[in-house]
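Quick notes on the structure that follows.
The values are calculated or read from the model by the stated rules, or taken from the named source; none is laboratory data. These figures come from a predicted structure and were not determined experimentally. Counting neighbours? That spans all protein chains shown, and the Cβs are built from the backbone with ideal geometry, glycine included. These area figures cover heavy atoms from the full protein model, side chains too; ligands, DNA and RNA do not enter into them. Shrake-Rupley method; radii C 1.70, N 1.55, O 1.52, S 1.80 Å.
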Amino acid sequence: MNLSLLPAKEKNRIELDKQAAYAVWKVKNSKAGYEIFVTEVNKISDEDDQSFYNQAVEKYKRKMGVQ
């Protein structure tokens, strides 16, 4: 699948998912504290995207065993 052919909204969702995974990885590896989740979500202006990011964070917390 060529990601460049996706609509802008879908590309943004992929980016938000990657950012969520990276934030959880940073917490798991003591590179950042839990405040990173608030800091990152506050950078997102769209409420739907904020919700998507928060859901992705929860998904990766479960996958990576982060409380």
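Please compute the modelled spin-label separation between E47 and N2, points set 7 Å along Cα→Cβ, answer in nm with one decimal.
3.7 nm
Between K26, K43, K18, where does the largest GNM mean-square fluctuation fall for the chain, given springs only between Cα atoms within less than 10 Å?
K43
Could you give the nm distance between label points at K9 and K28, where each point is 7 Å from its Cα heading toward the beta carbon?
3.0 nm
When the distances between all Cα atoms of the chain are binned every 5 Å from zero, what whole-number percent does each bin get?
In whole percents, the pair-distance histogram is 3, 18, 27, 23, 15, 9, 4, 0.
Output the pairs from K9/K59; K11/K63; K11/K61; K28/K59; K9/K63; K9/K61 with a Cα-Cα distance over 18 Å in this structure; if there are none, say none.
On the way: K9/K59 20 Å; K11/K63 23 Å; K11/K61 22 Å; K28/K59 14 Å; K9/K63 25 Å; K9/K61 24 Å.
Going by Cα-Cα distance, K9/K59; K11/K63; K11/K61; K9/K63; K9/K61 fall outside the 18 Å limit.
Under a 1.4 Å probe, what is the accessible area of the chain per residue, stated in Å²?
Values: 4730 Å² over 67 residues.
Result: 71 Å² of accessible area for each residue.
Give me the percent of the accessible area of the chain that comes from carbon and sulfur atoms, probe 1.4 Å, all protein chains in place. Kindly include the intermediate steps, with their values, before the conclusion.
Values: 2400 of 4730 Å².
The value for the chain is 51 percent carbon and sulfur by accessible area.
Ignoring everything except DSSP H segments at least 4 long, calculate the 222 nm mean residue ellipticity for the chain; use -39,500 (n - 2.57) per segment, divide by total residues, nearest 500.
Here the helix-only value at 222 nm equals -23000 deg cm²/dmol.
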